[in-house]
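Worksheet for the structure shown next.
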Amino acid sequence: MYRSIITGSGAFIPDDIVSNNHFLSSVFHSENGDSQGKTMPGVVDKFSKITGIQERRYAMNGHLASQMAARAGELAILDSGMSRNSIDQVIVAHNFGDMTETPSYPSMVPSLASRVKHLLGISNPACIPYDLIFGCPGWLQGVIQADAFFKAGIAKTALVIGTETLSRVLDPHDRDSMIFSDGAGAITLEFRDAGDRNTGVLSAGVRSDCGEEADFITMGRSHNPAKNGIPQYIKMKGRRVYEYALRYVPAAMKECFDRSGSDIRDLKAIFIHQANEKMDQAIVKEFYGLYGITDVPPAVMPMCIQWLGNNSVATIPTLFDLVKRSRLPGFELCGGDLLIFASVGAGMNINAVCYRCE
């Protein structure tokens, strides 16, 4: 049986480290514009306890999302050992295009995928590059889409990248600005004969709610009324996002996992979007609860949000690369390991993929 197999991975982690103390000089405003004064250490400490974030990475000035994507993609190609001109599709998930400064308007023509193909020196005209805008679950949706193209006989190989420079759409007067970060992660996928090993992508699932949920994460004006009134900053209704995720993500994960025909006791690791540590822990606890399991197995959920923050579409591929390269203490991957990937984000959109390592 032919299946989609991850054959290589790579990540670009920016060098600019921004600790929580950076925000002690910030003056945040409430949604109605009232100044909350200089940020006190207690506010930063509470934020860290809730999100798990202690520091995050920002791209250097002028360093573009497409450039970071190409760097991550290059590492994935090298890791796979495949020829770059044998790649049938370059899929780049992002949400804000290339931006050069803060604040900045996104550049999305040509597509970031076309720019990445150029930067990687892929000359094969049969290699088709395209972008995917799907909120934070964009990279995982790229994996699902590549798998679908493989099964349709349209392609056999793909480079799937998630890249983002969220630091350039942050309102410095909004506390949520402490959550987001920059980075890029990538994998190569190949449609290969898995034999009787039952490896590769086993199942997938997607859910979307676009009623009132469409307004949970949007673009908006600065909380500071004295600022330019252009809606150029990412805005999030944190409590609504948390409630939505906890209500629907565990069930979506279970539906995907059950479709694979696997036994929950065989699950080795959950690679979940690094959105908020407490939220992710609550989702995983609820997921196991749906199987009547009250104690979450130890070391089942690797996390890197503590030092990388939430870089949207790049969180899962970066996390996967860190674990694959044994750069996250306490976690490792072996042949036959059963995994589930899951994400939730603007849309609101949810997706999940069940995967067995080769």
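The values are calculated or read from the model by the stated rules, or taken from the named source; none is laboratory data. Keep in mind that this is a model prediction, so the values were computed, not measured. All Cβ positions, glycine included, derive from the backbone under ideal geometry; neighbour counts span all protein chains shown.
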Restricting the stretch 20-38 to residues that are more than 18 Å from residue 226 (Cβ to Cβ) and surrounded by 14 or more Cβ atoms within 10 Å (Cβ to Cβ), the residue that is nearest to the chain's Cα centre (by Cα): 20
Only one of these is more than 27 Å from residue 140 (Cβ to Cβ) and among the small types (Gly, Ala, Ser): 19, 9, 4. Name it. 19
Quick check: anything in the stretch 195-203 under 17 Å from the mean Cα position of the chain (by Cα) and among the hydroxyl-bearing types (Ser, Thr, Tyr)? no
Considering the stretch 231-251 alone, what residues qualify as being outside any helix (DSSP H, G or I) and free of Cβ contacts under 8 Å to residues at least 40 places away in the same chain? 231, 237
Taking only pairs six or more apart or across chains, which ones have beta-carbon atoms under 7 Å, a first residue in the stretch 264-285 that is within 11 Å of residue 302 (Cα to Cα), and a second residue that is buried (at least 22 other Cβ atoms within 10 Å of the Cβ) and among the aromatic types (Phe, Trp, Tyr)? 271/320; 271/341
Within the stretch 1-42, the residues that are in contact with a Lys or Arg (Cβ under 8 Å, 6 or more places away or on another chain), assigned to a strand (DSSP E or B) and among the hydrophobic types (A, V, I, L, M, F, W, C) are 5, 12, 17, 18, 27, 28
How many residues does the stretch 79-109 contain that are in contact with a strand residue (DSSP E or B) (Cβ under 7 Å, 6 or more places away or on another chain) and within 18 Å of residue 6 (Cα to Cα)? 11
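Residue-by-condition table, conditions (1) free of Cβ contacts under 8 Å to residues at least 40 places away in the same chain; (2) in a loop (DSSP other than H, G, I, E, B); (3) among the small types (Gly, Ala, Ser); (4) in contact with a Leu (Cβ under 6 Å, 6 or more places away or on another chain):
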{"position": "172", "(1), (2), (3), (4)": "no, yes, no, no"}
{"position": "176", "(1), (2), (3), (4)": "no, no, no, no"}
{"position": "189", "(1), (2), (3), (4)": "no, no, no, no"}
{"position": "195", "(1), (2), (3), (4)": "no, yes, yes, no"}
{"position": "205", "(1), (2), (3), (4)": "no, no, yes, no"}
{"position": "210", "(1), (2), (3), (4)": "no, yes, no, no"}
{"position": "219", "(1), (2), (3), (4)": "no, no, no, no"}
{"position": "227", "(1), (2), (3), (4)": "no, yes, no, no"}
Residue in the stretch 101-109 that is among the charged types (D, E, K, R) and at pLDDT 95 or above present: no
Members of the stretch 253-282 that are under 17 Å from the mean Cα position of the chain (by Cα) and aliphatic (A, V, I, L, M): 253, 269, 270, 272, 275, 279
Check on residue 202, in contact with a helix residue (DSSP H, G or I) (Cβ under 9 Å, 6 or more places away or on another chain), over 30 Å from residue 46 (Cα atoms) and crowded, with 22+ Cβ neighbours inside 10 Å: yes
